[in-house]
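The values are calculated or read from the model by the stated rules, or taken from the named source; none is laboratory data. The model shown is predicted, which means the values in this text are computed figures rather than measured ones. When we count neighbours, we look across all protein chains shown, and the Cβ atoms used for this are built from the backbone with ideal geometry, even at glycine. For the accessible areas, the whole protein counts, side chains as well, though only heavy atoms, and no ligand, DNA or RNA atoms are used. Shrake-Rupley method; radii C 1.70, N 1.55, O 1.52, S 1.80 Å.
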Amino acid sequence: MKILTANRLTDGEAVWLCADHSWAETIDAAEIARDAATEEKLERAGKAAVCKNEVVDLALVDVELVDGRIWPKRLRERIRAAGPTNRTDLGKQARPDISIAA
Amino acid sequence: MYRYDEFDHQFVKARTAEFADQVDRRLAGELTEDQFKPLRLMNGVYLQLHAYMLRIAIPYGTLSSRQLRMLAHIARTYDKGYGHFTTRQNLQFNWPALSDIPQILADLASVEMHAIQTSGNCIRNVTADHFAGAAADEVADPRPYAEILRQWSSVHPEFSFLPRKFKIAVTGAERDRAAIQVHDIGLHLKKNAAGELGFAVYVGGGQGRTPFVAKKVRDFLPEEDLLTYTTAILRVYNLNGRRDNKYKARIKILVHETGTEELTRQIEAEFAAIREGELKLPQADIDAIERYFTPPALPARPEGTVIETSAKLANPAFASWVKRNVNPHKNPDYASVTISLKGIGEVPGDATDAQMDAVADLAEELAFDEIRVSHEQNLILPHVARADLKEVYKRLEAIGLATANAGLVTDIIACPGLDYCALANARSISVAQEISNRFGSQARQEEIGELKLKISGCINACGHHHVGHIGILGVEKKGTELYQITLGGSGDENTSIGEIVGRGFTAEEIADAIETVVETYLALRTDKSEDFLAAYRRVGAAPFKQALYGAEAKAA
Ligand code: SF4
C-alpha cells in the first residue's frame, strides 16, 4: 500500500494527495493505492500539481493500516505526519484534531 | 566588530531584492522548482521534512546585541519562537514560509546580516575560535583574517561553482578550538622566529562519509600572502577536484588521491605564478580591517577576585559554573563566559526568542555588546569583568541558561537529525536528550570530567561525531534507527578520527551503551587527571569492546 506525499510550495507544509486530487495537511485523508494502476494515477495527479506549482518533492511512500488508520512504514514519514518527536507542541501533532504520533 | 561599508550595504540590499523577485516569480509559477532550487539554496533556503529551513550566516560566529535581538524578532514573528545554533556557527530557523523569506532577509539586512553562501558549492561561512580576541592563550585575533576571506570569497566569480562546498576555519591559538584540521582549509595564525604573523596551512580535512584529518601544506605563510595562497589552493581544487561523483568531490578526496607532496607542489607552483599579483595584501588593508576588531576598552576592575571568591564560597552552584563555563581572558580582570545551550534534557543548540533577547540585553549591559556562537553550539560572552560574573550568572539562571557543563558529557553536540532533516537516517536530538538526562547530575558529570560527545543523524556528520571522544552515528537498518559508536575522535590540535567499536545499538539501547563506555573509562583511568581521550589513547578500544559486547567481542 502506498500514498503520495509532497510539500506545499508556499510554506513547505507536508501534505498528502486525497481522492479528489486536493492536498490534505493530515495523513488520514490520503488516498491509498493498493495496486500499481492506482499508484500511477496518484503519481500522474501529483506531477500535474507540481506543474501547477502547488507542491514540490513528490514521493510515494509505503504505508499499512493499523487499527484502520494509515501508518507509514518509515519513521521518517511518521515524523513528517506528526512533527518533531521531541517537541509535541510543534507540527501537526500540536493541532487539537490530530492524534497521530510518530 | 566589523561594520558594513557602503559597498556591503548595497550588495546585500541588491541581493535581497533579487531574491525577493525570484521568490515572487516562483510563487507566480514563472520559475519551475528545478530553476528555483539552486537560487534558493544560494540564499540559504532548504526544504526539510516539515517546512522550509533558513540558514543564516553568522560570520566567524560574532554577533552584536542588536543582531541577536533581530534573530529573536524573526523567531517570534515568522517562525515558532526559537532558533537552532549549528556547528558552523550559523543559526537555522525550522519553520519559515517561503513567502515570508524575502521580508526576513530584508530584516536581516537592516542589521548587516544575510544568508548568502550558507549552502551551495561555494566557499561557506568562515568559522573561527569563539574566544577570538579575548583568549589569554591567543597569539592574535583570527577574525580580521576571517573577515578578509569573507569579503574575498563573497560571490567570488571563479569559486561560486566548485566541485563541492568549501569550508575554511581559522584559529589564533595553539589550542585549537575551531577544529581547523577537519576543514577544507584550516589556518593556524602564529608568529615565526622573527615575530612576524603568518599561518600554518592545513588542507583536505573533513568529516562526512570519508573522514580525513587535514594535511599541513605550509608551516608558515606570511599574512600578506593569505589570499594568493588560498586562491592557489582553490584553483588547484577547482581544476582537478572530481565533478563526476558527489561523494568524491570534496578537496579531501583530491588530497588523498593525489598525495600531499604532489598536491603541495601544484599549489606552490600556482602560488609562485600569482604571488606578486593583485591579491597580495597591503599592510594598510590588513590594518584597516583589524581596526574593526579592536578590543573594547576594558576598565580596570581589580575588585573581581575578591567578589568572585566570596560568591563562590556562598554558592557552590556558582563555583561549579565558574569552574566549567568561564575561560581566562587576556586581561586578568576579565573572563569569557560560555552560555550553555545544553540545559539538562534540552535540545542542543536551541534558544528561544526570549532567551536570545535576554542574552542580547545581558551582553549590552555587562559584556561590551558582543556575543559569539561556538561550533559546539553554545553562546559566548567574550568580555565579562570577573567582578560581574556573579550578576551574569544570576541573570543566566533566571532564563534557564546557567548550566555548568561546558566540556562535560552533557555538553553534547547534536545535529537536527530525523526530527527535522530531510537527509537524516535517525534521530539525534532524542538520543542527546536521553543521554543528557542520564548524566545530568552535576557531581557525576564533574567526576567523569572532560568528555566530548557528538551525535549525527546521518553520515554527513553535521554533528561532528567523527571527532567526538565518543561519537554516535545514526543509521537506518531495516526501517529502524540504529546507532554506531565511535571512540577516540578529537577535533583539537591533536585531531583524530574516532574508530567504530562494533555493531550498532537500537534507540532503546544506545543510552545504556554510552553508560557502559563511561563506566568502563572510570574503572580503568589511572586517576582523575587522565581524561577520557587520554585513557582511550592509552588503552585502545579493547576494554570498551569487551564491556559492550562481552563474549561476542572475543569471538570477533
Ligand atoms: S548529519 Fe545528516 S541528519 Fe544530521 S543535520 Fe547533517 S544531513 Fe541532517
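Hey, does the range A:27-41 have a residue that's within 11 Å of chain B (Cβ to nearest Cβ) and open to solvent by 60 Å² or more (accessible area, probe 1.4 Å)?
No, because not a single residue in the range A:27-41 is within 11 Å of chain B (Cβ to nearest Cβ) and open to solvent by 60 Å² or more (accessible area, probe 1.4 Å).
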* Restricting the range B:447-467 to residues that are open to solvent by 20 Å² or more (accessible area, probe 1.4 Å) and charged (D, E, K, R), the residue that is nearest to residue B:213 (Cα to Cα) -> B:452
* Structure fact -> The condition from (1) within 15 Å of the ligand (Cβ to nearest atom); (2) buried (at least 24 other Cβ atoms within 10 Å of the Cβ) that residue B:380 misses is numbered (1)
* To do: Return the pairs, sorted by first residue and then second, in which the second residue is open to solvent by 40 Å² or more (accessible area, probe 1.4 Å), the first residue lies in the range B:54-82 and is under 26 Å from residue B:168 (Cα atoms), the beta carbons are less than 8 Å apart, and the residues are 6+ apart or on different chains.
  => B:54/B:46; B:55/B:46; B:62/B:1; B:64/B:1; B:64/B:369; B:65/B:361; B:65/B:364; B:65/B:369
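Look at residue B:342 and say whether it is basic (Lys, Arg) and within 18 Å of residue B:441 (Cα to Cα).
In short, yes.
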* Could you list, in sequence order, all residues of the range B:413-423 that are more than 7 Å from every other protein chain (Cβ to nearest Cβ) and either within 8 Å of the ligand (Cβ to nearest atom) or within 13 Å of residue A:87 (Cα to Cα) (or both)? => B:415, B:416, B:417, B:421, B:422, B:423
* **Conditions (1) away from every other protein chain (no Cβ under 14 Å); (2) over 27 Å from residue B:34 (Cα atoms); (3) not in a loop (DSSP other than H, G, I, E, B): number failed by residue A:96** => (3)
* Structure fact -> Counting only residues that are closer than 16 Å to residue B:447 by Cβ and either free of Cβ contacts under 8 Å to residues at least 60 places away in the same chain or buried (at least 19 other Cβ atoms within 10 Å of the Cβ) (or both), the range B:321-332 contains a total of 1
* Filter pass, residue B:538 being open to solvent by 50 Å² or more (accessible area, probe 1.4 Å) and either within 27 Å of residue B:180 (Cβ to Cβ) or assigned to a strand (DSSP E or B) (or both) -> yes
* Would you mind listing the helices (runs of 4 or more DSSP H) fully within the range B:191-300 where at least 1 residues are touching a Leu at 6+ places or on another chain (Cβ under 8 Å)? => B:226-240, B:251-258, B:260-274
* For the range B:541-552, name all the residues that are outside any loop (DSSP other than H, G, I, E, B) and surrounded by 14 or more Cβ atoms within 10 Å (Cβ to Cβ). => B:543, B:544, B:545, B:546, B:547, B:548, B:549
* When you go through A:9, A:75, A:90 one by one, which is the residue that is at the interface with chain B (Cβ under 8 Å from one of its Cβ atoms), over 30 Å from residue B:23 (Cα atoms) and open to solvent by less than 30 Å² (accessible area, probe 1.4 Å)? -> A:75
* To do: Provide a single number: the residues in the range A:49-70 that are within 12 Å of chain B (Cβ to nearest Cβ) and without any contact (Cβ under 8 Å) to a residue 12 or more places away in the chain.
  => 2
* Which of the residues belonging to the range B:424-474 are in a helix (DSSP H, G or I), within 15 Å of the ligand (Cβ to nearest atom) and within 11 Å of another protein chain (Cβ to nearest Cβ)? -> B:429, B:430, B:431, B:432
